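Each remark here refers to the structure printed beneath this line.
The values are calculated or read from the model by the stated rules, or taken from the named source; none is laboratory data. If you're wondering where the values come from, they're calculated on a predicted model, not measured in any experiment. Positions of Cβ are backbone-derived with ideal geometry, glycine not excepted, and every protein chain shown enters the neighbour counts. We work out accessible area using only protein heavy atoms, side chains counted, and drop any ligands, DNA or RNA first. Shrake-Rupley method; radii C 1.70, N 1.55, O 1.52, S 1.80 Å.
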Amino acid sequence: MKNIIPLQTKLNHPRLPDNLIRRPHLIEQLERGLNHKLTLICAPAGYGKSTLAASWLESCTRPAAWLSLDETDSNLNRFLTYMATAIQTIFPGGCAQTLSLLQSPQNPPPEYLAVTLINEIAVLNEPFILILDDYHRIERETVQQFIDGLIDHMPSRMQLVIISRVIPSLSIPRLRANQELLEIRPQDLRFSPAEIEAFLD
């Protein structure tokens with residue numbers, strides 16, 4: 001497969017607007033999510049999902065990698081390349097073996113790539129957050145299966161945040177049952193009367 005040159009702007013979280021309404025109760029929820037494997041921020045367009053996550057990172061003491069996804073990232077090799085590159089924004093030199101395998105003329109099987117990446121994440125030197133924005137754009141089952149496997153075997157120092165307009169095709173019911181999931185849904189993101197007044201002012 002041809003080598004992929006990552007677009008660096010996909011690795012930056014969105015700028016916060018000047019008229020940002022601070023939402024400390026939601027920031028507290030996201031902080032509690034650090035004790036779960038997965039935090040899912042799921043709501044239709046316009047609910048401020050990405051803005052909320054970017055606002056949280058301003059005060060969060062844990063380093064975070066951000067990846068904004070698009071339809072082309074449904075290719076597993078491309079997805080893994082971007083994911084490893086995103087992690088390198090906070091751990092320079094991290095996931096180097098995974099990236100080397102992805103750039104080889106013939107890629108190893110997906111299972112081998114997944115194990116290699118998980119093993120490399122496990123030896124990173126501090127806890128961190130990986131945020132996958134616009135996850136609803138991922139359509140191929142191979143990427144969904146990879147993320148499910150990653151969550152199953154996720155190193156304790158990693159916490160995953162998925163931002164999506166729809167509930168992703170992952171093992172969400174099992175994560176709920178095992179109390180490994182924090183969810184922020186439309187009812188949580190709706191402005192209170194006081195927040196509406198502050199926004200209009």
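At-a-glance table
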quantity	calculated
In the stretch 1-25, the residues that are in contact (Cβ under 8 Å) with a residue 60 or more places away in the chain, farther than 30 Å from residue 109 by Cα and more than 17 Å from the chain's Cα centre (by Cα)	19, 21, 23
Enumeration of residues in the stretch 29-68 that are of a type outside the set (A, V, I, L, M), surrounded by fewer than 21 Cβ atoms within 10 Å (Cβ to Cβ) and farther than 19 Å from residue 167 by Cβ	31, 32, 35, 51, 58, 59, 60, 61, 62, 63
Identity of the residue in the stretch 5-25, in contact with a Phe, Trp or Tyr (Cβ under 8 Å, 6 or more places away or on another chain) and either of a type in the set (A, V, I, L, M) or over 22 Å from residue 69 (Cβ atoms) (or both), that ends up most open to solvent (accessible area, probe 1.4 Å)	19
Residue 147 being touching a helix residue (DSSP H, G or I) at 6+ places or on another chain (Cβ under 7 Å), touching a residue at least 12 places away in the same chain (Cβ under 8 Å), under 25 Å from residue 91 (Cα atoms) and open to solvent by less than 80 Å² (accessible area, probe 1.4 Å)	no
Residue in the stretch 69-104 that is surrounded by the fewest Cβ atoms within 10 Å (Cβ to Cβ), counting only those that are farther than 26 Å from residue 168 by Cα and without any contact (Cβ under 8 Å) to a residue 12 or more places away in the chain	93
Which listed residue, of 124, 175, is without any contact (Cβ under 8 Å) to a residue 60 or more places away in the chain, surrounded by 16 or more Cβ atoms within 10 Å (Cβ to Cβ) and over 19 Å from residue 50 (Cα atoms)	124
Out of 125, 119, sole residue that is polar (S, T, N, Q) and at pLDDT 95 or above	119
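So that you can scan it fast, the table gives a plain yes or no per residue for (1) within 17 Å of residue 73 (Cβ to Cβ); (2) in contact with a Lys or Arg (Cβ under 7 Å, 6 or more places away or on another chain); (3) of a type outside the set (Gly, Ala, Ser):
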site	(1), (2), (3)
101	no, no, yes
112	no, no, yes
115	no, no, yes
122	no, no, no
129	no, yes, yes
158	no, no, yes
164	yes, no, no
